Amino acid sequence: MSADEIVTHSSEETIAKGREIASNLRPPVLVLLRGDLGSGKTTLTKGIISGLGAAKEEEVTSPTFNLVHEFRIHTVPTSDMSSHACKVYHVDLYRIENFHDLESLGLEDALSEKAIVIIEWPERFTFRTDWPTVEIRLDHAGGDSRRIAISNLTVEEGLRSTPHP
Ligand code: ADP
Ligand code: MG
């Protein structure tokens, strides 16, 4: 397990970090975002999803009420360098109440096809998956500063060691 830790000083810097993370992601991958309210999970996701080319920054908003937002990308570099369509899910489990809620989210469908699944408040549910998982921990570090620690638990699958252009 390797860890990468930085401190950002504005939401723009956090978005830029998200874009950098996006350039290293390829499906299937689960991205778990841990951290308190306001620590920047949704802001980082704006960078990841816009970096993937799935939506504009301003189109990425907190999935507070519908809990899952679905995006689509059409070109993802895969190991054989061919491209294909892929879904990107942005999930927020903060308000998840029970199993009925979870089933109604359709998360199982999301996890049945190779996708990029970004989950805020993953500690609300135990995920059993053999997917490569990237864990990102965000913490308030005073004022507009946020500490962002990234553990790419399964480097060889989830994150490529050299970013593609
Ligand atoms: P979360 O999803 O973790 O609850 P949000 O991303 O929705 O957090 O909110 C973070 C808030 O903090 C936003 O209002 C954002 O503008 C502000 N902010 C200030 N500094 C930063 C920073 N360095 N990184 C991320 N967000 C920041
Ligand atoms: Mg959020």
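Table for the structure above
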{"read-out": "The range 2-24 residues that are under 13 Å from Gly53 (Cα atoms) and in a helix (DSSP H, G or I), paired with ones that are polar (S, T, N, Q) and within 10 Å of ligand 1 (Cβ to nearest atom) (beta carbon under 8 Å, 6 or more apart)", "value": "Gly18/Thr43; Gly18/Thr45"}
{"read-out": "Top-ranked residue in the range 111-123 [being under 20 Å from Glu59 (Cα atoms) and either in contact with a Leu (Cβ under 8 Å, 6 or more places away or on another chain) or assigned to a helix (DSSP H, G or I) (or both); ranked as farthest from ligand 2 (Cβ to nearest atom)]", "value": "Ile116"}
{"read-out": "Residue in the range 25-47 that is farthest from Glu123 (Cα to Cα), counting only those that are within 16 Å of ligand 2 (Cβ to nearest atom) and assigned to a strand (DSSP E or B)", "value": "Val31"}
{"read-out": "Residue satisfying all of: in the range 116-140; over 22 Å from Ser23 (Cβ atoms) and within 16 Å of ligand 1 (Cβ to nearest atom); surrounded by the fewest Cβ atoms within 10 Å (Cβ to Cβ) among these", "value": "Glu123"}
{"read-out": "Flag for Glu57 being more than 16 Å from ligand 1 (Cβ to nearest atom) and either at pLDDT 80 or above or not hydrophobic (A, V, I, L, M, F, W, C) (or both)", "value": "no"}
{"read-out": "Candidates Ser10, Ser50, Ser39, Ser23, filtered to the one that is surrounded by fewer than 23 Cβ atoms within 10 Å (Cβ to Cβ) and more than 15 Å from ligand 1 (Cβ to nearest atom)", "value": "Ser23"}
{"read-out": "Condition broken by Lys41, with the remaining ones in (1) over 20 Å from Ala141 (Cβ atoms); (2) modelled with pLDDT of 95 or more satisfied", "value": "(1)"}
{"read-out": "Looking only at the range 48-57, and only at residues there that are in contact (Cβ under 8 Å) with a residue 12 or more places away in the chain and not in a helix (DSSP H, G or I), the one that is nearest to ligand 2 (Cβ to nearest atom)", "value": "Ala55"}
{"read-out": "Breaking point among (1) modelled with pLDDT under 90; (2) within 16 Å of ligand 1 (Cβ to nearest atom), for Tyr89", "value": "(1)"}
{"read-out": "Meets criteria (in contact with a Pro (Cβ under 8 Å, 6 or more places away or on another chain), of a type outside the set (S, T, N, Q) and more than 21 Å from Leu102 (Cα to Cα)) for Arg26", "value": "yes"}
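The values are calculated or read from the model by the stated rules, or taken from the named source; none is laboratory data. This is a predicted model, so every value here is computed, not measured. In this analysis, Cβ positions are derived from the backbone assuming ideal geometry, glycine residues included, and neighbour counts consider all displayed protein chains.
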